[in-house]
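What follows is one structure encoded as structure tokens, with my remarks underneath.
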Amino acid sequence: MKALAQRTGAQYTRILGFGGYRPQRLVPNSEIVEAIDSSDEWIQERSGVRTRHFARDDETMLDMAESAARDAIARSGVDPATIDGVILGSVTHDMFTPAAAPMLADRLGLDSPVAFDLSAACAGYCHGIGVASDLVRAGSASTVLVLGAERLTSVLDPSDRGTAFIFGDGAGAAIVGASDHVGIGPTIWGSDGAAWEAIRPNVLEDGSPGPTITMQGQSVFRWAVWSMAPVALRAIDAAGLSVDDIDVFIPHQANTRIIDAMVKQMKLPEHVKVARDIVDMANTSAASVPLAAERMIREGQAKSGDIALQIGFGAGLAYAAQVIEIP
Ligand code: UT7
């Protein structure tokens, strides 16, 4: 038998830098409440959301991804010529084919990187970090641009009481590369496809999937609160740490009540800084974790070398969590 050759890559990886893009148009609760017979008070009390950003009519998911990618490249100081991988997490594609990642790579002038989209909804970015880290450690790529980019207004029914107030648009990015120490811990991830109907398209009269998103809010809420704290704790354990070692907690920005419940269940110490980007951005699905991270870094809440726990969860149901070092 002939022996095949195999590659090996970097021993360790880390995130080299974050970037983000928040569309200019700021939409307060007051602008959306009439269509859903709701109120600013109800939305703030039940979800924490005060405002969200909506993309311009002519602004695509790819446009937003490009801005976030350029920001991450600038802030990480990485030479774009060295980026040989692009992974884009999204559920709101401008076109059903081709994937957005190769088009993004072209816009950025990258040199024929492996580039593909990843569909894991709100967990897409954390899946992307796990895949990118493994690609670099296996030697399949050396520097990988990972994005979560969503134009949720494309799939939003402004009159749907269960979703119209909770979602927004935006894009976040991070660059993963080799490191001389562990900067990205093991990813704890999984799925529960039996619950796929919890977040799905609306159903048309003939039974086929429609163009807008619907959500069984209460059951997703319960799943997030009860099942995601243990996943996050496993990610800490897999990294060889305890909750006392965590400096920053960056959960998916789905609902401030979910965030508070997770903090309590995990018994995170008082010193842990907790991301609350949802208040201004609402839920941006795959973009929420990288956007929350880039903001905490920009505003000085997360410092270089800090240990951060990040977790994404949503439609699928899919989830992914890992401990990372802040660049
Ligand atoms: O990103 C993917 C993961 N997603 C999540 O993790 C989202 C998880 N779910 C949630 O965050 C929450 O379920 C929502 C924020 C979406 C909704 O909050 P809730 O507390 O679960 O609301 P509910 O559906 O239980 O409704 C409570 C009450 C009901 O009235 P009664 O039956 O108690 O009289 C609803 O009719 O609030 C009423 N209601 C509303 N009132 C004003 C429902 N929607 C609205 C609304 N405005 N938009």
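Among the residues of region 16-26, is there at least one that is charged (D, E, K, R), out of contact with any helix residue (DSSP H, G or I) (no Cβ under 9 Å at 6 or more places or on another chain) and more than 26 Å from Thr92 (Cα to Cα)? No, there is no match, as no residue in region 16-26 is charged (D, E, K, R), out of contact with any helix residue (DSSP H, G or I) (no Cβ under 9 Å at 6 or more places or on another chain) and more than 26 Å from Thr92 (Cα to Cα). Does region 78-94 contain any residue that is surrounded by fewer than 17 Cβ atoms within 10 Å (Cβ to Cβ) and in a strand (DSSP E or B)? Within region 78-94, none of the residues are surrounded by fewer than 17 Cβ atoms within 10 Å (Cβ to Cβ) and in a strand (DSSP E or B). When residues of region 129-153 are filtered for being within 16 Å of the ligand (Cβ to nearest atom) and either among the aromatic types (Phe, Trp, Tyr) or not in a strand (DSSP E or B) (or both), how many remain? Qualifying residue count for the region: 2. Taking region 264-292 as the range and being among the β-branched types (Val, Ile, Thr) and touching a strand residue (DSSP E or B) at 6+ places or on another chain (Cβ under 6 Å) as the test, the residues that pass are Val272, Val274, Thr284, Val289. Checking each residue in region 24-41 for being near the ligand (Cβ under 10 Å from one of its atoms) and of a type in the set (Val, Ile, Thr) picks out Ile32, Val33, Ile36. When the residues of region 47-63 are filtered to those that are over 12 Å from Ala164 (Cβ atoms) and within 14 Å of the ligand (Cβ to nearest atom), the one that is surrounded by the fewest Cβ atoms within 10 Å (Cβ to Cβ) is Arg50. Applying the criterion of being more than 20 Å from the chain's Cα centre (by Cα), more than 12 Å from the ligand (Cβ to nearest atom) and not aliphatic (A, V, I, L, M) to the residues of region 158-200, the residue that is surrounded by the most Cβ atoms within 10 Å (Cβ to Cβ) is Ser179. The residues listed here are Gln44, Gln11, Gln6; of these, the one that is of a type in the set (S, T, N, Q) and within 16 Å of the ligand (Cβ to nearest atom) is Gln44.
The numbers here are math on the coordinates, done by the rules we state, and not lab data. Given the structure is predicted, the values throughout are model-derived calculations rather than measurements. Neighbour counts are summed over all protein chains in view; Cβ atoms, including those assigned to glycine, are modelled from backbone coordinates with ideal geometry.
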